[in-house]
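FYI, it's all coordinate maths here, none of it is from the lab. Since the structure is predicted, the reported quantities are computational estimates derived from the model, not experimental observations. Cβ placement follows ideal geometry from the backbone for every residue including glycine, while neighbour counts extend to all protein chains displayed.
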Amino acid sequence: MDQRRITNLIMTTLTAACAFGVVALLILILSYISYQGISSLSLSFLVETPKPVGEGGGIGNAIVGSLILLGLASAVGIPLGIAIGTYLSEMGSGWYGTIVRFVADTMIGIPSIIFGVFVYVIVVLQQGYFSTLAGSLSLALIMIPIVTRTTEEMIRLVPKSMREGALALGAPEWRVTMNIVIPAAMTGIATGAMLSVARVLGETAPLLFTAFGSRFYNIYLDEPMASMTVQIYNYAISPFEDWHDKAWAATLVLITLILTINIFVRYITRKKY
Amino acid sequence: MASDLTENTTSTAPRVNNPIGDRLFRGALIAAASLILIILISMVAVMFYSSRLSIREFGFSFIIGQVWDPIKGEFGALPFIFGTLVSSLIAIVIAAPISVGVAIFLVEQAPKSIARPMAFLVELLAAIPSVVYGLWAIFVLAPFLRVYVQPPLQDVLGFLPFFKGSTTGIGMMTGGIILAIMITPIITAVVRDVLEAVPVTQREASLALGATKWETTRIVLANASSGIAGAIVLGLGRAVGETMAVTMIIGNRPEISASLFAPGYTIASVIANEFTEATGDLYLSALIEMGLILFLVTFIVNGLAKLLIFSVTRNTVQRS
């Protein structure tokens, strides 16, 4: 073999090693979480509230808390994101659209903890207490730009001929968008929204000083609210072995939820995109 | 494309049926779109206003101050800026070549049947939450580095200031490595997009001239270089703002040390740790100013990354 072929072989091997190495790391992390988490997992763990070291307890309130926080954040963030994304794809070709698109793009990269600081100042500091509402708001702010960008991309995939057909039949612009374009892109928009849900389900930093955390079942929006991620964090940094086990078990629950959403989305979109 | 069509129909020929509906619809969407600008502007304004105490008290010396002493009311951000930069740079040095390697393999070399599922698995790495990486780092990565990596490194390269001190496994090095793992899928995804944006004719021309696969890849890389730079900058932006995993593993001590084994502290970590217990207006104000710095830095870094990536992908359909 001449030198060029040898170089080719070496580089091909190296890049393959990078790829397989990264995938191996993923498998390593996931299998370790399963191995550690499964031993502490039980039905009571899924329904009980946290208890002092050695007395059992679980993450029931944190699961409910995460769902409430997520539900509220989605109720605000997803419709707004879809609206902005629709604007960008249907009317966003001008200078204003360019600015909005740039801001949405850049907001995706802003550290989530900054949203927590912002909400802390405008909500928690004003009210004087941590609350579910504040936590949901910070999550909603994170969701908006993500949903915006995926919505825009998905709506752009709708063929121009569908719009033209509807317009030619005399449908007003808003009808075309609402009754033709958005339904046609609905699967894509929904998967984008689901991915944003999976993303904020794993958020911890913005919740630390907005929803704060709680040891009890709670449904009140003006009180601190537990979440799985904050609970994992608190268990993880504690000095107790018993709590570390609980952190792994809670992580297994969280990761299962997040990966299920991601794999489901992949399954739905496997052919289209 | 689509927008041109709809704009033309409304602007040149006023529609007979239901123009009010159209105007309302348009207005509602524009209002929604404006909201994202309002959020951004109010974030900057609120954070500026809330950090006014600290800005007035310390001025520019906030950034170069080395002492962080909440009890005495002295706040300098330099140790945190240092910690953020060093941990992010470690992450980039590790993640950039690996990510580019993964992307090359997925786009240029692997057959589609392998590349597709593999790309999905790499993307899954980005779906794992920060706090989970932190947990894994505390109980797996840090002990591993403490036993198998740091002592040998010190034996061989211990004469360098970077590898001095006690090898606890908790510190800059571990923080940088966990960041590297976290930003690898992000950089990989963007580099993949950028490589796919390079016209296939470039590859065909190169292969037709008798170049090997790797020589062809080098030509593709040269064409995509500014986009790859953008992907790396984007990864840097993520590393700078990453909070939970780093907070759990970097040691949280505001010290400036040359050793990579030594504990450090980052801007995001100090906010996460001390925000709820900040007593006194000046303390809180100083922490919010830290947030403001982080916000502005990541905004600029991200904007720069977008421009670099856009320079390569503008001619193709954006896939994100």
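Close amide H partners of B:Phe75, meaning residues 5 or more places away or on another chain with modelled amide H under 5 Å apart, are B:Asp69. Annotation: the residues B:Tyr49, A:Tyr87, B:Tyr283, sorted from fewest to most other C-beta atoms within 10 Å of their own C-beta, follow the order B:Tyr49, B:Tyr283, A:Tyr87. Ordering B:Ser54, B:Phe82, B:Pro111 by Cα displacement along the dipole of the stretch B:48-116 toward the positive end leaves B:Pro111 in first place; charges were set at the Cβ atoms of Lys, Arg (+1) and Asp, Glu (-1). Which aspartates and glutamates does B:Lys164 reach when only Cα atoms under 20 Å apart count, and residues fewer than 8 places away in its own chain are ignored? Those aspartates and glutamates meeting the cut-off are B:Asp155, B:Glu255.
Only helices reaching 20 angstrom along their own axis (Cα) with mean Kyte-Doolittle hydropathy no lower than 0.5 count here, and for the DSSP H runs of chain B these are B:19-50, B:78-104, B:112-127, B:172-197, B:225-241, B:281-313. With the simple spin-label model, which puts each label point 7 Å out from Cα in the Cβ direction, the A:Ala17 to B:Leu296 separation comes to 4.4 nm. Given R0 = 22 Å, the distance between the Cβ atoms of A:Ser93 and B:Ser226 translates into a calculated FRET efficiency of 0.35. Taken along the Cα-to-beta-carbon direction at a fixed 7 Å, the label points for A:Tyr32 and B:Thr279 span 3.8 nm. Comparing A:Ala247, A:Ala171, A:Ala236 in a Gaussian network model of chain A where C-alpha atoms under 10 Å apart are linked, the largest mean-square fluctuation is found at A:Ala171. For the protein assembly as shown, a crude dipole built from +1 on the beta carbon of Lys and Arg and -1 on the beta carbon of Asp and Glu, taken about the Cα centre, is about 1540 debye to the nearest 20. Screening chain A for whole DSSP H helices with an alpha carbon extent of at least 27 angstrom along the helix axis and a mean Kyte-Doolittle hydropathy of at least 1.0 yields A:3-38, A:60-91.
In what sequence do B:Ile309, B:Ile64 fall when counting other Cβ within 10 Å, fewest first? Display every interim value, and only then the final one.
Working: B:Ile309 26, B:Ile64 11.
Lowest to highest Cβ neighbour count: B:Ile64, B:Ile309.
Projected onto their three principal axes, the Cα atoms of the protein assembly as shown cover extents of 74, 73, 55 Å, largest first.
Under a model in which nothing but the beta-carbon of Lys, Arg (+1) and Asp, Glu (-1) is charged, the stretch B:122-207 shows a dipole of about 300 debye around its Cα centre.
Computed from the C-beta positions of B:Asp155 and A:Leu221, the FRET efficiency with R₀ = 41 Å rounds to 0.10. In this label model, B:Ser61 and B:Ala126 are separated by 4.4 nm, measuring between points 7 Å along each Cα→Cβ vector. Counting neighbouring Cβ atoms within 10 Å and putting the fewest first, the residues B:Asp193, A:Asp222, A:Asp245 line up as A:Asp222, A:Asp245, B:Asp193. For chain B, the calculated P(r), taken from all Cα-Cα distances in 20 Å bins from zero up to the bin holding the longest distance, is 26, 47, 24, 3, 0 percent. For chain A, the alpha-carbon coordinates run over 71, 70, 33 Å along the three principal axes, in decreasing order.
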